[in-house]
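Input: a single structure, listed below in structure tokens.
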Amino acid sequence: LFILKKYKESIAYYQKAYYLFKQEKDISRQAVQLGLIGMNLSELGEYEKSISYHKKAYDLFKQEKNIIGQASNLGHIGKNYISLKKWDNVIDLLDPKFESNEIIFNLFGGAIIFTERNDGHSKAFETANRLLHILKEKKEILNVNLNISNFFAGLLNMKISKSLFIDICEEALYIFPEKDTQLIINAGMHSVKYIESGKDEKYLEKLDPDTAIAIEAIVKEARL
């Protein structure tokens, strides 16, 4: 029914399944049904309600110590917050204990691409700038370098315009003066030229080894 876009009908079936699994005290399957209900609600544009279901699913998966289930629902919660343009809420989901941060930052990449296509370069740059500043505020608890690398990978994967990508990188250089973070940001800028070269190894040979490694990691994560 989800594939057929019959979201309301799909929700009704998942709710029935949820109550059956609840009677059986099957926590993992209860969590799965709640997550599926949340996904359908999101498709209906009921983002706040969707968030509440994904949070319930997250809590059940946490109870079961199911990291994949937790990460998946964090991603869906982030997607809903992005639809609501509640950027700070998305950042609040970032947790140094989870690899799901990659999911969140790829979602942010999608939000910036969406904004660029619908509202233009300036609005998209404003969104990226806000993200980078909030990330800076939380640098004490987050792996900034990893998240920036994932963020750049998400943007490249979603075919961001070259001009906007370079503008975001240059702004990031201004926001993050730390040497190790600047290396990642410069690698992001080089990634564009490396991709344009057809991933020619001779391009990497001209750079210092650490930058070359960072470029390869970003491009690999971008699946390009």
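The values are calculated or read from the model by the stated rules, or taken from the named source; none is laboratory data. This structure is a prediction, so every number in the text was calculated from the model and none was measured. When we count neighbours, we look across all protein chains shown, and the Cβ atoms used for this are built from the backbone with ideal geometry, even at glycine. For accessibility, only protein heavy atoms count, side chains too; no ligands or nucleic acids. Shrake-Rupley method; radii C 1.70, N 1.55, O 1.52, S 1.80 Å.
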Practice task
May I ask which residue of 187, 27, 176 lies farthest towards the positive end of the charge dipole of the chain, with charges of +1 (Lys, Arg) and -1 (Asp, Glu) on Cβ and the Cα centre as origin?
Solution key: 27
Problem - Extreme residue, positive dipole direction of the chain, given options 80, 44, 204 (C-beta unit charges) - result: 44
Fill in the blank from the handout: For percent of Cα pairs over 33 Å apart the list reads [x] 25; [y] 8; [z] 17; the calculated value is entry [x]
Handout entry: Dipole moment magnitude, nearest 20 debye, segment 112-220 about Cα centre, only Lys, Arg, Asp, Glu C-beta charged
Key = 280
Practice task
For residue 15 paired with residue 205, estimate the spin-label separation in nm (one decimal), with each label point 7 Å from Cα along the Cα-to-Cβ line.
Solution key: 6.5
Exercise for the section: Kindly identify segment 1-70 as rounded, prolate or oblate by the Cα gyration tensor criterion: order the square roots of the eigenvalues as a ≥ b ≥ c, call it rounded if a/c is under 1.5, otherwise compare a/b with b/c, prolate if a/b is larger, else oblate. Expected result: oblate
Completion exercise
Reported to the nearest 10 Å², residue 32 has, with a 1.4 Å probe, an accessible area equal to 60
Handout entry: Size of charge dipole - the chain - debye, nearest 20, with Cβ of Lys, Arg +1 and Asp, Glu -1, no other charges
Key = 980
Practice task
Using the Cα centre as the reference, give the magnitude of the dipole from point charges on the C-beta atoms of segment 1-66 (Lys, Arg: +1; Asp, Glu: -1; all else neutral), rounded to the nearest 20 debye.
Solution key: 80
Practice task
Determine the share of the chain's accessible area contributed by carbon and sulfur atoms, expressed in whole percent, with a 1.4 angstrom probe.
Solution key: 52
Handout entry: Value of [θ]222 nm, deg cm²/dmol, for the chain, DSSP H segments ≥ 4, -39500 (n - 2.57) each, nearest 500
Key = -25500 deg cm²/dmol
